[in-house]
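Below: the structure, in structure tokens.
The numbers here are math on the coordinates, done by the rules we state, and not lab data. Computed from a predicted structure; not experimentally measured. As a convention, Cβ positions derive from the backbone with ideal geometry for all residues, glycine included, and neighbour counts pool all protein chains shown.
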């Protein structure tokens with residue numbers, strides 16, 4: 001597994017766990033009659049973000065799209081050399 005795919009998977013696992021925990025807390029609040037707006041916000045945000053990100057799996061790029069993206073590629077050393085010279089560093 002590539003490191004990028006591993007990080008992507010880890011991100012989604014953490015996001016899913018946050019959604020599950022927030023959902024359980026919200027459900028507990030619902031059962032006990034307590035309004036938990038903060039936890040509801042976390043639940044709605046994490047589940048909406050996860051849904052949005054999972055839709056990217058179905059994204060298919062044409063050879064022309066891939067050629068355009070390939071033209072935007074910058075070697076890592078060049079990228080980081082430029083970034084370290086920016087005024088906010």
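Rank 68, 26, 42 by mean-square fluctuation in a GNM of the chain with C-alpha springs under 10 angstrom and give only the top-ranked residue.
68
Angle, helix 37-54 long axis vs. longest principal axis of the chain, Cα atoms, 0 to 90°, nearest 10?
40 degrees
Using a Gaussian network model of the chain whose springs link C-alpha atoms within less than 10 Å, name the residue from 44, 72, 54 with the highest mean-square fluctuation.
Maximum fluctuation in the GNM of the chain, among the listed residues, is at 72.
Quick one: work out Rg over Rh on the C-alpha atoms of the chain, Rh as Kirkwood radius.
Rg divided by Rh gives 1.18.
Pairs of alpha-carbon atoms within less than 8 angstrom and 6+ residues apart define the contacts here; what relative contact order does the chain have, in percent?
24 percent
Give me 46, 9, 84 sorted ascending by neighbouring Cβ count inside 10 Å, so fewest comes first.
84, 9, 46
Going by how many other beta carbons lie within 10 Å of each one, how would you line up 57, 20, fewest first?
The most exposed by this proxy come first: 57, 20.
Just how far, in whole angstrom, is region 8-46 from region 47-87 if you go by their alpha carbon centroids?
Taking the Cα centre of region 8-46 as reference, the centre of region 47-87 is 30 Å away.
For the chain, what does the helix formula give at 222 nm: sum of -39500 (n - 2.57) over DSSP H segments with n ≥ 4, over the residue count, nearest 500 deg cm²/dmol?
When only DSSP H runs of four or more count, the value is -24500 deg cm²/dmol.
Between residue 16 and residue 31, what is the spin-label point distance in nm, taking each point 7 Å from the Cα along the Cα→C-beta axis?
2.3 nm
How much length is gained on full extension from residue 48 to residue 80, taking 0.36 nm per residue of separation minus their Cα-Cα distance?
Roughly 8.2 nm would be gained on extension.
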